[in-house]
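The values are calculated or read from the model by the stated rules, or taken from the named source; none is laboratory data. All values reported here derive from a predicted model rather than from experimental measurement. Note that we place each Cβ from the backbone using ideal geometry, even for glycine, and neighbour counts take in every protein chain shown. Just so you know, the surface numbers come from the protein's heavy atoms only, side chains and all, with ligands and any DNA or RNA stripped out. Shrake-Rupley method; radii C 1.70, N 1.55, O 1.52, S 1.80 Å.
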Amino acid sequence: MNKVVVFDLDDTLYKEIDFLRSAYHELSIVLESKYALSNVYSLLWESYSQGLNAFNELNKSYGIDISLNDFLSIYRLHIPKIALSIDTRKVLEALVQKEVCLGVLTDGRAITQSQKMKSLGLDEYIPMENWIISENIGFEKPSLKGYLYFQEKYFSDSSSYYYVGDNTDKDFKAPNKLKWESFCLLDNGSNIHKQNFSQSKEMLPTHILNNIVDLLKYI
């Protein structure tokens, strides 16, 4: 295999806001059952939409005292109800058919990120040994370590490497330094972390994608 394409996860292969919604639904089910509450999801979502701390607002509104750790345990450990978009599936299927080597490089906790990838069905396209999560390797982006995993594993004189992400603060610095081609999927307005293209060249992608399907024009 002489082409290696590595994807970010959140807001690249799926929209992270969908994970947030899924977590809020899970929290509403658990808390309404345990504390006989109602409309938990609506309150959480409204608080988030207003830029407030949703967990604090829930405690205040219902006069309860759930610890942050208890909230986060449900949030991070639930099995999310998320899915790949039709366009993302199209891209992954096309790359597999072209015999491109695929990987994921994502920051986050191992359990949470693994649950996301399993729920998305990424094992259908990307071998699980190529699911590289920052907690497992001990380094977060923009460290070179995760990128070097793929570069060393699939090294050949004819290999070319590509990274597809969304976060202009950390996704592209390392692949740029390693002379990979880097692609930024533009925010459609729903990204958790907003993009900033007024940064130094080393932080910016070599290509911008309006839609993930546009990636197929380059690979």
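Principal axis analysis of the Cα atoms in segment 77-134 yields extents of 34, 22, 15 Å, listed in decreasing size. Per DSSP H run of at least 4 residues, take -39500 (n - 2.57); add these up for the chain, divide by its residues and hand me the 222 nm value, nearest 500 deg cm²/dmol. Taken over the chain, the calculation gives -12000 deg cm²/dmol. Largest accessible area first, the listed residues Asp123, Asp166, Asp187 line up as Asp123, Asp187, Asp166 when surface is computed with a 1.4 Å probe on the assembled protein chains. Applying the criteria of a DSSP loop state and at most 15 other Cβ atoms within 10 Å to the trypsin sites (Lys or Arg not before Pro) of segment 49-93 yields Lys81. Pick from Asn176, Asn59, Asn130: which is most flexible by mean-square fluctuation in a GNM of the chain where alpha carbon atoms under 10 Å apart are linked? Looking only at Asn176, Asn59, Asn130, the biggest GNM fluctuation is shown by Asn59. The loop-placed trypsin sites (Lys or Arg not before Pro) in segment 158-203, going by DSSP, that have at most 13 neighbouring Cβ atoms within 10 Å of their Cβ come out as Lys179, Lys194.
Over the chain, what is the relative contact order in whole percent, taking alpha-carbon pairs under 8 Å and six or more residues apart?
Details: 332 pairs, mean separation 55.9, N = 219.
Once normalised by length, the contact order is 26 percent.
Here the dipole of segment 114-219 is about 240 debye; that uses its Cα centre as origin and unit charges on the Cβ of Lys and Arg (positive) and Asp and Glu (negative). Split the accessible area of the chain by element, probe 1.4 Å, and carbon with sulfur accounts for 50%. How many percent of DSSP beta bridges within the chain run antiparallel, rounded to 5? The answer is about 0 percent antiparallel.
Average accessible surface for the chain: 51 Å² per residue, computed with a 1.4 Å probe over protein heavy atoms with every protein chain in place.
On the principal axes of its alpha-carbon atoms, segment 1-62 has extents of 57, 25, 14 Å, going from largest to smallest.
Under the convention that each Lys and Arg Cβ holds +1 and each Asp and Glu Cβ holds -1, the size of the dipole of the chain around its Cα centre is about 240 debye. Relative to the longest principal axis of the Cα atoms of the chain, the long axis of helix 16-35 lies at roughly 30 degrees. For segment 115-219, the direction-averaged projected area of the alpha-carbon convex hull comes to 7.5 nm². Past 24 Å, Cα to Cα, is the threshold; run Lys15/Lys170; Lys34/Lys116; Lys98/Lys194; Lys153/Lys201; Lys145/Lys201; Lys116/Lys217 against it and keep the listed order. Over 24 Å apart, Cα to Cα: Lys34/Lys116; Lys98/Lys194; Lys153/Lys201; Lys116/Lys217. In the distance distribution for segment 1-115, Cα-Cα pairs more than 22 Å apart total 45 percent.
Both radii come from the Cα set of the chain: Rg as radius of gyration, Rh as Kirkwood radius; their ratio Rg/Rh reads 1.01. Short-range pairs are left out: with C-alpha atoms under 8 Å and at least six residues apart, the relative contact order of segment 39-128 is 26 percent.
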